[in-house]
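Novice: First, the structure itself, so that you have it in front of you.
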Amino acid sequence: METDDVLTLLKDVAAEIIDPRFRALASEEISHKGPGDLVTVADREAEVLITDALVAAYPDAVVLGEEAASADASVLQRYAGAEHAFTVDPVDGTKNFVSGSPDHAVMVAELRAGEVVRSWIWQPQHRVAYVAERGAGAWRDGERLVRPPLGDAARGVTSRRTWIGRALGTLQALELTWVCCGVDYPRLVEGAADYALYAGTKPWDHAPGSLLLTEAGGFVGTFGGAPYRPQEPEPRGLIAAADRATYDLVQGLIPSLPGL
C-alpha cells in the first residue's frame, strides 16, 4: 500500500467506526481490560478493519494490534521476531475518547528489520494527519515538520501521575501530557513541550510517534541510555526529546525520579 493509501484507510475506518460513537457510547459498549484500562466497541471494530486491510496487502507481515495482543500474548512473540511488521492502535487515548475529549488518535507504524520505516497518526476530531517516512521527513497535512528550537528552559511532561510536579535537577517541574501518545508526540514535534517521560512503553503507543519525532529532529531513547527500538523487549521507561542533547540531559537525571 502506498503511504497515502494507509492514511486513507485510517480516515475511512475512523469515519465509519469511531466518529459516530464519539460522545455517543452506550454503557454496554465500554468495558475494562484491567484496572483503569478501558476498551470500547470502537477499539475492537476499528482494529479488525485496519488489520484485515494490512494483512490483505502484506500477507507475510505480522500485524500487532493492541486488542489482539491483549487477547493473545503469542502475537507479541511473533511480532518481536518478524522481519516485516505493523503496529495498530485503533483508538489511542481511549480514556479521552470515552470521556468525550477530542484528544484521541488512530495510529499505525510499519517496521522492517526492527526499524520503524513509516508511520501514520490520524486525529479524527481535530481532523489532522501526521505521516512520517524514514529518511523522507515528518509531515502534517502535507507540510514538512521541523522541531522548533528549545526555549530558555526545557518543559517536560509525563503520563505517570506520581511524577507530575517533580523536577529533574534544575529543570522545570513535570506537567501532565495530553494522555494520548497520538497527541503527545505531535505536540512535542510542534514545540508544546520539549521532552516527555513514559513508564508505559507498549510498541503500538510509541512506534508511530517515535518516527515522527526523530524525522523532525528529535530523539527517543530508553531510561537506560539506548535508542528506542520497538521490537526489542519493552524498556522500563522512555524519553521522547526535542533533540539528542535534551535526551542526554534528561537521561542523566532519571535516577532522581521516585518509584524507579
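None of the figures in this text is laboratory data; all of them are computed from the coordinates on show. Values in this document were obtained by computation on a predicted structure and should not be read as measured data. Here the Cβ is made from the backbone with ideal geometry for all residues, glycine too, and neighbour counts use every protein chain on show.
Novice: Can you give the helix-only mean residue ellipticity at 222 nm for the chain, where every DSSP H stretch with n ≥ 4 adds -39500 (n - 2.57) and the sum goes over all residues, rounded to the nearest 500 deg cm²/dmol? Before the final figure, lay out the partial values.
Specialist: Values: 8 runs with 80 residues, N = 260.
Computed ellipticity for the chain at 222 nm equals -9000 deg cm²/dmol.
Novice: Reported to two decimal places, what Rg/Rh ratio describes the stretch 156-256 when computed on Cα atoms with Rh from the Kirkwood expression?
Specialist: My calculation puts Rg/Rh at 0.91.
Novice: Something else now. Given the stretch 39-83 reduced to its alpha-carbon atoms as identical point scatterers, what log10 I(q)/I(0) does the Debye formula return at q = 0.21, 0.22 Å⁻¹?
Specialist: Rounded to two decimals, the profile gives -0.70, -0.76.
Novice: Same structure again: Could you check which residue among Ala46, Ala153, Ala109 shows the biggest mean-square fluctuation in a GNM of the chain with a 10 Å Cα cutoff?
Specialist: The residue with the greatest mean-square fluctuation here is Ala153.
Novice: Note the full-extension length gain between Arg244 and Ile164 as 0.36 nm times their separation in residues minus their Cα-Cα distance, in nm to one decimal. Before the final figure, lay out each step's value.
Specialist: Details: separation 80, 0.36 × 80 = 28.80 nm, distance 2.30 nm.
Contour length minus Cα-Cα distance gives 26.5 nm.
Novice: Which one is right for this structure if mean projected area of the Cα convex hull in nm² is calculated from it: [x] 13.0; [y] 15.4; [z] 18.9?
Specialist: [x]
Novice: What is the order of Thr3, Thr170, Thr158, fewest Cβ neighbours within 10 Å to most?
Specialist: On the way: Thr3 16, Thr170 8, Thr158 23.
Fewest-to-most ranking of Thr3, Thr170, Thr158: Thr170, Thr3, Thr158.
Novice: Then there's this: Would you look at the GNM of the chain, springs on alpha carbons closer than 10 Å, and say which of Glu28, Glu16, Glu83 moves the most?
Specialist: Glu28
Novice: GNM on the chain, C-alpha springs below 10 Å: top fluctuator among Ala242, Ala15, Ala207?
Specialist: Maximum fluctuation in the GNM of the chain, among the listed residues, is at Ala15.
Novice: A follow-up question, please. Sorted from fewest to most neighbouring beta carbons within 10 Å, what does the list Tyr228, Tyr195, Tyr185 look like? Numbers along the way, then the final one.
Specialist: Numbers: Tyr228 21, Tyr195 26, Tyr185 32.
So the ranking, lowest neighbour count to highest, is Tyr228, Tyr195, Tyr185.
Novice: I'd like the FRET efficiency for Val55 and Leu253, computed as 1/(1 + (r/R0)^6) with the beta carbon distance as r and R0 of 30 Å, rounded to 0.05. Mind dumping the intermediate values first?
Specialist: On the way: r = 43 Å, r/R0 = 1.43.
Here the calculated transfer efficiency is 0.10.
Novice: Oh, and also: Using only alpha-carbon positions, what ratio does the radius of gyration of the stretch 104-145 give when scaled by 2.2 N^0.38 Å? Don't skip to the answer; put the middle values down first.
Specialist: Details: Rg = 10.8 Å, N = 42, 2.2 N^0.38 = 9.1 Å.
It is 1.19.
Novice: Using the Karplus equation 6.51 cos²θ - 1.76 cosθ + 1.60 (θ = phi - 60°), what ³J(HN,Hα) coupling, rounded to whole Hz, does each residue of the stretch 224-237 give in order, writing x for Gly and Pro?
Specialist: x, x, 9, x, 6, 10, x, 8, 7, x, 4, x, 6, x
Novice: Using Cβ contacts closer than 10 Å as the measure, can you line up Leu174, Leu211, Leu150 from fewest to most? The partial results should precede the final answer.
Specialist: Working: Leu174 22, Leu211 29, Leu150 16.
Fewest-to-most Cβ neighbours within 10 Å comes out as Leu150, Leu174, Leu211.
Novice: At Ser99 and Glu143, where each label point lies 7 Å from the Cα along Cα→Cβ, what is the point-to-point distance in nanometres?
Specialist: 2.9 nm
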